[in-house]
Amino acid sequence: MDSRVLRVREWLRALQDRVLEAFVREDPTARLTEDAWERPGGGGGLTRVIADGEVFERGAVNFSQVHGDTLPPAATRQRPELAGRPFHALGVSVVVHPLNPRVPTSHCNVRYFTAGAPGEIPAWWFGGGFDLTPCYGFESDTRDWHRAAAALCEEFGDDVYSRFKEWCDRYFFLPHRNEARGVGGLFFDDLNEWGFDRCERFARRVGNGYVDAYLPIVRRRRATPWTERERDFQLLRRGRYVEFNLVHDRGTLFGLQSGGRTESILTSLPPLVRWRYDWQPAPGSAEATLVEQFLRPRDWLAA
């Protein structure tokens, strides 16, 4: 196996441990399930689900390492020259759906791909990022989230945060709703322009920086009282999350197209969700404020 693949595998497994341990410390009441699996076409993974806690209704911290003879279409859409090539893909994917509607859902992913036939110099790239999906918008939470994202980008270039922040705003967008999924963060893909060592260091910084950015927001909001009306709105907003993941998300498509384990891929979905025909928020309400002021691209560092 490629020495770079082994190197990335080592820190991805360590990242999975780090994130899960942080969540367990934050919510020791939650139930933890671990499930190792193998992919018939090559590779496998370790799915770790935290559920039914006082803080986290459901979360997943998943590691996967898969390989095969042909890259799936979701991975070659941006790189058509690699269609039909053997591949190796590793990643850690995290999603958390809190119980309290005032605590935002969050997502993080870091991944590494290599593709090429034996004897070739393989193509390789890193991808990933993290994003925040609140049901109720708080300026301080969103500003702190983006400040953390900007801080971890600083050493890599003056334009890195702004470039990957804008990419995140574009990617996590529901065109059929003309609406953002959340308040963004960072998103990057096909990253190899800095050379392997620097790209790998950036991917590590993103993965390690995720819990440092997210958990202070969880602690700030977890004890906030909430009502059944707010819970109802949370379930409606989760419907948007489901729509994005099942219709637009390239990671979901890659997992399904590559023959990954369906149960593990769909741990990104919330345990409860609601759709209501043509629901509209009351003018001037906190629910309307989320849609009108938070689910639009903004310069949160200047806010």
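The values are calculated or read from the model by the stated rules, or taken from the named source; none is laboratory data. The structure presented is a predicted model; accordingly, all values stated were derived computationally and were not measured. Neighbour counts run over all protein chains shown; Cβ positions are idealised from the backbone, glycine included. Just the protein is used for accessible areas: all its heavy atoms, side chains included, with ligands, DNA and RNA removed. Shrake-Rupley method; radii C 1.70, N 1.55, O 1.52, S 1.80 Å.
Laid out as a table, the results:
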item	result
Residue-averaged 222 nm ellipticity for the chain, from DSSP H runs of 4+ at -39500 (n - 2.57), nearest 500	-12000 deg cm²/dmol
By accessible area with a 1.4 Å probe, ligands and nucleic acids excluded, highest first: order of 228, 200	228, 200
Projected-area average for segment 88-218 over all orientations - Cα convex hull basis, square nanometres	9.0 nm²
Per residue, the convex hull volume that the Cα atoms of segment 151-244 enclose (Å³)	118 Å³
Descending Cα extents along the principal axes, segment 178-303, whole Å	51, 40, 30
Dipole in debye (nearest 20) - segment 95-229, about Cα centre, beta carbon charges: Lys, Arg +1; Asp, Glu -1	720 debye
Three semi-axes of the equivalent ellipsoid, segment 78-158, Cα gyration tensor, whole Å, largest first	35, 17, 9
Between segment 137-192 and segment 269-292, the Cα center-to-center distance that results, in Å	23 Å
Accessible surface, the chain, averaged per residue in Å² (probe 1.4 Å)	44 Å²
Calculated log₁₀ intensity ratio I(q)/I(0) where the Debye formula runs over C-alpha points of the chain, q = 0.10, 0.13, 0.15 Å⁻¹	-0.53, -0.91, -1.22
Inverse mean reciprocal Cα-Cα distance (Kirkwood Rh) of segment 46-125, Å	14.6 Å
Descending Cα extents along the principal axes, segment 1-50, whole Å	40, 24, 7
Heavy-atom accessible surface of the chain: percent carbon and sulfur, 1.4 Å	50 percent
Segment residue 220-residue 155, extension gain: residue separation times 0.36 nm, minus the distance between their alpha carbons	20.5 nm
Dipole in debye (nearest 20) - segment 13-137, about Cα centre, beta carbon charges: Lys, Arg +1; Asp, Glu -1	280 debye
Peptides ranked, highest mean first, by Cβ atoms within 10 Å: ranges 241-254, 132-145	132-145, 241-254
Contact order normalised by residue count of the chain, Cα under 8 Å, 6+ apart, percent	17 percent
Estimated translational D of segment 21-157 in µm²/s (Stokes, Kirkwood radius over Cα pairs; 20 °C; 1.002 mPa s)	123 µm²/s
Alpha-carbon centroid distance for the pair segment 226-251 / segment 27-105, whole angstrom	19 Å
Using distinct alpha-carbon pairs, which all enter the 1/r mean, Kirkwood radius of segment 36-81 in Å	13.0 Å
